[in-house]
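Worksheet: one structure, shown below.
Derivation of every value follows stated rules applied to the coordinates shown; laboratory data play no part. All of these numbers come straight from a predicted model, not from anything done at the bench. Here the Cβ positions follow ideal geometry from the backbone for every residue, glycine too, while neighbour counts run over all protein chains shown.
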Amino acid sequence: MNTVSLSLTSVRELNEQLRGVSDDGSAPAWRVTDPKGAHAVAAGLTGPVQVQIDGHVGYYCAGMNQHAAITVDGHCGTGVAENMMSGIVRIRGNASQSAGASGHGGMLVIEGNAGPRCGISMKGIDIVVGGKTGHMSGFMAQSGNLVICGDAGNDLGDSIYEAVIYVGGSAASLGADCVEKEMTPKHRSRLQDLLSRAGMEQDLDRFRRFGSARRLYHFHVDHADSY
Amino acid sequence: MAVVDPRGLRPSHTFPAHVLAEIHRAADQGVYEIRGFGTKRPLPGFDDLVFLGASMSRYPLEGYRERCDTGVTLGTRFASRPIELKIPITIAGMSFGALGANAKEAIGRACTAMGTSSTTGDGGMTEEERQSSETLVYQVLPSRYGMNPDDLRRADAIEIVVGQGAKPGGGGVLLGQKITERVAGMRDLPEGIDQRSACRHPDWTGPDDLAIKIQELREVTGWEKPVYVKIGASRPTYDVALAVKAGADVIVLDGMQGGTAATQDVFIEHVGIPTLPALRQAVEALQSLDVHREVQLVVSGGIRSGADVAKALALGADAVSIGSAAMVALGCNKAVHLEDYQAIGTEPGYCHHCHTGRCPVGVTTQDPVLEARLRPEQGARWLRNYLTAMVLELQTIARANGKSHVLNLEPEDMAALTVEAAAMAGIPLAGTNWIPGRG
């Protein structure tokens, strides 16, 4: 395992190293120490590298990730794994706002809590949050799955499109066009798969499913209150 | 001889025919009007300025012989690979979805031939435009539709869109009739829905966040590519300063005359300020930070001719960007296929029906029959001709003012024809030394 201290190496040098070894098809392992809240740590990785980050990171850790497996043993700032395309990102602590924003693929696991707008604008990513999420999570979520094992804050799934949200606790309130839907056997199976991949054991009976009522898909006078 | 109506019929100035029609439409439908194109109301603009030309104190350059260079470099501040353009006229971001694939390809081909750049748009990068456009600017928009780090890396520059002149503070709209299978697939949306683009970025708010976002984009792309920040003209003094602070290489300023494929009419006509005052404020902001020319300024919104380009450059812009005018060069509002204009309730010269997807000339449509009316080769030729004519006009004016490079044009070369333009542009009223507000 290669070890890099961000006390001695810049984020730019680190990211260049992480990208430089990712094209040979192997899965080298890296350990990053002393992140001290640095931004854009392990952002833009393109290959199947494994990265373990010991400590707290700032904004956009693992942003736009492709294929890499990144674990943060700490908390993370805004926009962790934003626009992720593939791979897996695991946060052992809490995540700030906009976790997994506009993610297109892969899996983001937040073992602690997530701040507001978790999964905003998500486009195919799967997000599993062990704790609770802040307000407007799943805002304009287009596709993919958002699993919240704890409680969800206000305006969950506001203006949601075709993404699916599972909540194990309570939802403080639902946003525009977000409704509760039947938890079918197919959805229980999908939820079980998501939780298994995230390494979380949960009682499936606690979970409820939310999605789009599809009432705002076309401009219409009857929807004026929601625009 | 005018016919006098014996009944003395008199239209209302407050309620002219188009206002009456809009009230009737709103009463019928109960929802705002959504349309394309740009502002239709009269606004102070570049037509309110003139160049002084050479005189006893300044001598001109020979029109067809002496050199008048037009090349510009964008992104010299931080990027390791700045953009070199042969002409200071670029093509603004217009999405695949708003425009058809043939229009995007035509634009790319024309830009490559002219040595300038084209820009992607909401919905991401298509293979056609990447292949056809040698220099392609990749927009990072609030919606993040089609946002892909691989495309980011194969772009030549990155443009973070904060706002748009037609609708500063608002997101775009693409009505269901234009959300075809391909467009829907690129945007991860269901086919046929009315798509509402986000007005705010999902993962940053404010200039401090933007600085970190720019850092991330540079990390993802190896610090090679210029990062532009595009703002709608609302508070350019502050917005330009904040974009500079956030680390932009280039500012793109879009005035309220800028076009759109679809948004609320009330947005187009009533939000934002015209290009003329916004440009002056932006230049002053750059000068106050001592980064004018170090951070390049690209201006858009109502640029139609080489004269407009010359005036924008003389006011301090480094380049301009055109969108609506490029569409017109491709055939927008041309008097052909008249029955198809009438079918959507309009006429050539009045059409703003980009939002319907029924563009009679095949520019803003996804309909294969309509789109086939614009062949990429023909469209590229038209746009190339138009850009060539603009550059010749620009050089004509520059030489007449004694400039061997178009970027040497300066405010002192101009006079204003109206008090309003004098005040907004900071140019003396013609025949005086008076700039309103400056004593």
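Tabulated results
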item	result
Residue that is nearest to B:LEU429 (Cα to Cα) [pool: residues in the stretch B:8-60 that are of a type in the set (Gly, Ala, Ser) and surrounded by 17 or more Cβ atoms within 10 Å (Cβ to Cβ)]	B:GLY45
Residue match in the stretch B:241-248 (condition: over 26 Å from B:GLY97 (Cα atoms), within 14 Å of chain A (Cβ to nearest Cβ), among the small types (Gly, Ala, Ser) and not in a loop (DSSP other than H, G, I, E, B))	yes
Selected residue [closer than 30 Å to A:GLU162 by Cα, within 14 Å of chain A (Cβ to nearest Cβ), surrounded by 20 or more Cβ atoms within 10 Å (Cβ to Cβ) and out of contact with any strand residue (DSSP E or B) (no Cβ under 6 Å at 6 or more places or on another chain)] from B:GLU216, B:GLU191	B:GLU216
Residue count, the stretch B:405-422 (criterion: touching a helix residue (DSSP H, G or I) at 6+ places or on another chain (Cβ under 8 Å) and either closer than 26 Å to B:PRO60 by Cα or of a type in the set (A, V, I, L, M, F, W, C) (or both))	12
Within the stretch B:170-205, tally of residues that are in contact (Cβ under 8 Å) with a residue 24 or more places away in the chain and under 30 Å from B:VAL244 (Cβ atoms)	9
Which listed residue is of a type in the set (Ser, Thr, Tyr), out of contact with any helix residue (DSSP H, G or I) (no Cβ under 8 Å at 6 or more places or on another chain), surrounded by 22 or more Cβ atoms within 10 Å (Cβ to Cβ) and within 27 Å of B:MET114 (Cβ to Cβ), from B:SER321, B:SER300	B:SER321
Verdict on B:TYR32 being of a type in the set (Ser, Thr, Tyr) and in contact (Cβ under 8 Å) with a residue 24 or more places away in the chain	yes
Within the stretch A:120-139, tally of residues that are under 15 Å from A:LEU194 (Cβ atoms) and outside any strand (DSSP E or B)	3
Considering residues of the stretch B:128-144 that are crowded, with 24+ Cβ neighbours inside 10 Å and of a type in the set (Ser, Thr, Tyr) only, the residue nearest to the other protein chains (Cβ to nearest Cβ)	B:SER143
Considering residues of the stretch B:335-369 that are among the aliphatic types (A, V, I, L, M) and over 19 Å from the mean Cα position of the chain (by Cα) only, the residue surrounded by the fewest Cβ atoms within 10 Å (Cβ to Cβ)	B:VAL369
Selected residue [crowded, with 19+ Cβ neighbours inside 10 Å, within 14 Å of A:SER98 (Cα to Cα), touching a residue at least 24 places away in the same chain (Cβ under 8 Å) and within 14 Å of chain B (Cβ to nearest Cβ)] from A:MET140, A:MET122	A:MET122
Count of the stretch B:219-239 residues which are surrounded by fewer than 23 Cβ atoms within 10 Å (Cβ to Cβ) and outside any loop (DSSP other than H, G, I, E, B)	2
Hits in the stretch A:147-171 - residues which are more than 14 Å from chain B (Cβ to nearest Cβ) and in contact with an Asp or Glu (Cβ under 7 Å, 6 or more places away or on another chain)	A:GLY169, A:SER170
Residues located in the stretch A:104-119, provided they are in contact (Cβ under 8 Å) with a residue 60 or more places away in the chain and in contact with a Cys (Cβ under 8 Å, 6 or more places away or on another chain)	none
Check on B:VAL252, of a type in the set (A, V, I, L, M, F, W, C) and buried (at least 24 other Cβ atoms within 10 Å of the Cβ)	yes
When residues of the stretch B:154-187 are limited to those that are assigned to a helix (DSSP H, G or I) and away from chain A (no Cβ under 14 Å), the one nearest to B:ILE303 (Cα to Cα)	B:ARG182
Qualifying residue in the stretch A:68-90 (condition: among the basic types (Lys, Arg) and more than 14 Å from chain B (Cβ to nearest Cβ))	yes
